[in-house]
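What follows is calculated from the coordinates using simple rules that are stated; it is not laboratory data. Everything numeric in this text was worked out from a predicted model, so none of it was measured. In this analysis, Cβ positions are derived from the backbone assuming ideal geometry, glycine residues included, and neighbour counts consider all displayed protein chains.
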Amino acid sequence: MTQDILTKWIELNNFLKVLGIANTGGLAKRIIRSGEIKVNGEAETRNKRKLRAGDTVEYLGKTHVVKEELLR
């Protein structure tokens with residue numbers, strides 16, 4: 001059985017760890033709650049925000065695109 005692409009996701013806090021922006025979950029949480037993260041152009045403060053392929057995450061002037069191979 002195949003899984004539809006729209007049901008695959010990665011949580012924002014885990015995405016920051018995969019990118020190497022945060023070494024730990026605690027640091028990821030602090031970065032997200034600081035209000036410095038934007039998802040698809042809007043400020044995001046939820047740690048567990050589900051990201052899907054094609055979503056963009058902005059932090060410190062850099063934009064990162066969520067790739068399908070990172071999703072589960």
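What to note about this one:
- Computed extension gain for residue 45 through residue 60, at 0.36 nm per residue and net of the alpha carbon distance, reaches 3.9 nm.
- Residue list for the range 18-48, given a label point 7 angstrom along the Cα-to-Cβ vector of residue 11 and an amide N cut-off under 12 Å: 25-26, 28-29, 46-48
- Estimated at 0.36 nm per residue, the fully extended path between residue 33 and residue 18 surpasses their Cα-Cα distance by 3.6 nm.
- The relative contact order of the chain, computed from alpha carbon pairs under 8 Å that lie at least 6 residues apart in sequence, is 30 percent.
- Recomputing Cα extents along the principal axes in Å from the coordinates shown identifies the correct label among (i) 59, 17, 12; (ii) 63, 19, 16; (iii) 40, 24, 18 as (iii).
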